[in-house]
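Report on one structure; see the data block that follows.
The values are calculated or read from the model by the stated rules, or taken from the named source; none is laboratory data. Treat the numbers as computed from the prediction; the structure is a model and nothing was measured. Cβ: placed from backbone, ideal geometry, glycine included. Neighbour counts: every protein chain shown. Heads up: the accessible areas ignore ligands, DNA and RNA and are worked out on the full protein's heavy atoms, side chains in. Shrake-Rupley method; radii C 1.70, N 1.55, O 1.52, S 1.80 Å.
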Amino acid sequence: MGNGKTRTIGLWMLGLAALAPWARAERIPGRYIVELTTEPVAEHVKRQPGRVRDRMNSTAARAQRARVQGEQEQMRQRLAGRNATVRGSVDTVANALFVEIGDEDAAKLATDPGVKRVVPERTFKMVLDRALGLHRVPEAWDIMGAEHAGEGVKIAIIDSGIDVNHAGFQAADLSAPEGFPRGNYSFDEGNVNGKVIVARSYVPLLRYRDPDYSALDHIGHGTALAMVAAGMRNDGPLATIEGVAPRAWVGNYKVFGTPGYNDNATDSAILKAMDDAVADGMDILNLSLGDDFAPRLA
């Protein structure tokens, strides 16, 4: 959630789809998100019956992912002839490529067959507000019992990373569900446990080179959010603290880098984190971040 001065980013299936091509938020010169016309996997299977995690692993989902990736490969080949660099892509919550290309060429690219829109990439800052009373969490605890809050739920924290050694993420009686833990890099194997079941870093998609590509939190913002969402009861410096859903699993999707190097996240890092979180079967995605300017609607 954000304060009155900040536009927060929710789970937009493709937030850039609702933005004017030249929104006033700080943009990164020469970097664009190129959205293609074939609908992404999550959009394609949303009309199917059954649980989300089953739909995302269905035959229809695999076939649609193959179609999307085929379309993206054709676009990659066209981009290679335009002195463009593809930094990454998503196919689950959006069908898009993250591209470095000159501004004039980007404008021409928007008219290519198969291109839905081309949007400049922006940067975002971290936002954290209190929401316990607003969401009537104490009343929910009274109904279900706080000791069961979050059981079986997977929460994605898309933020500055998570310190897996924090006391709030030590749960000897929790073990990762089948298919977990997951991560992007082998050096993050130490950043997961039975509570924190995903450690993915998107630092390579940020604006500047960074000394640390790991999922480790150097700021504390993501760790604090994960503690608020699902931290186990532990003794803080001022009081005993506990998260809203202490029995939930947590996924760490790091989109902010090392302070002084990459203090802000980017569209591509956020979108890739969302794409992976949905593909990983996360039940809830939390983004406590935003920019200072409300965009014009397209």
A careful count of residues in the stretch 34-76 that are under 20 Å from Asp267 (Cβ atoms) and either under 21 Å from the mean Cα position of the chain (by Cα) or without any contact (Cβ under 8 Å) to a residue 24 or more places away in the chain (or both) gives 11
Is there a residue being in a loop (DSSP other than H, G, I, E, B), more than 18 Å from the chain's Cα centre (by Cα), among the β-branched types (Val, Ile, Thr) and at negative phi anywhere in the stretch 190-197? no
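Taking the options Arg207, Arg182, name whichever one is touching a helix residue (DSSP H, G or I) at 6+ places or on another chain (Cβ under 9 Å) and open to solvent by 30 Å² or more (accessible area, probe 1.4 Å).
Details: Arg207 fails: touching a helix residue (DSSP H, G or I) at 6+ places or on another chain (Cβ under 9 Å).
Answer to the selection: Arg182.
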Could you grab me the full set of residues in the stretch 52-63 that are open to solvent by 40 Å² or more (accessible area, probe 1.4 Å) and within 16 Å of Ala277 (Cβ to Cβ)? Val52, Arg53, Arg55, Asn57
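How about the stretch 210-227: which of its residues are surrounded by fewer than 24 Cβ atoms within 10 Å (Cβ to Cβ), assigned to a loop (DSSP other than H, G, I, E, B) and at negative phi? Break it down into steps so the answer makes sense when it comes.
Here is the first cut: in the stretch 210-227, the residues surrounded by fewer than 24 Cβ atoms within 10 Å (Cβ to Cβ) are 210-214, 216, 218-221, 224.
Filter once more, so that each one left must be assigned to a loop (DSSP other than H, G, I, E, B): 210-214, 216, 218-220.
Passing the criteria: Asp210, Pro211, Asp212, Tyr213, Ser214, Leu216, His218, Ile219.
Counting only residues that are among the small types (Gly, Ala, Ser) and closer than 14 Å to Gly222 by Cβ, which one in the stretch 152-168 is nearest to the chain's Cα centre (by Cα)?
First, pick out the residues of the stretch 152-168 that are among the small types (Gly, Ala, Ser): 152, 156, 160-161, 167-168.
Okay, now just the ones that are also closer than 14 Å to Gly222 by Cβ, so 156, 160-161, 168.
Numbers: Ala156: 8, Ser160: 11, Gly161: 11, Gly168: 22 Å.
Ranking the qualifying residues of the stretch 152-168, first place goes to Ala156.
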The stretch 232-263 - residue that is under 24 Å from Leu285 (Cβ atoms) and assigned to a strand (DSSP E or B) and, of those, modelled with the lowest pLDDT: Ile241
Criterion: buried (at least 16 other Cβ atoms within 10 Å of the Cβ), more than 24 Å from the chain's Cα centre (by Cα), at pLDDT 90 or above and within 30 Å of Ala239 (Cβ to Cβ) - qualifying residue of Ala149, Ala171: Ala171
Kindly indicate whether Tyr202 is at pLDDT 95 or above, open to solvent by 40 Å² or more (accessible area, probe 1.4 Å), among the hydroxyl-bearing types (Ser, Thr, Tyr) and in contact with a strand residue (DSSP E or B) (Cβ under 9 Å, 6 or more places away or on another chain). no
Log entry, pairs with first residue in the stretch 97-110 being within 23 Å of Gln69 (Cα to Cα), second being open to solvent by less than 50 Å² (accessible area, probe 1.4 Å) and among the charged types (D, E, K, R), beta carbons closer than 6 Å, six or more apart or on different chains, reads Glu100/Arg31
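For the stretch 87-121, give me the residue count where each residue is closer than 19 Å to Met274 by Cβ and in contact with an Asp or Glu (Cβ under 8 Å, 6 or more places away or on another chain).
Matching residues across the stretch 87-121 total 13.
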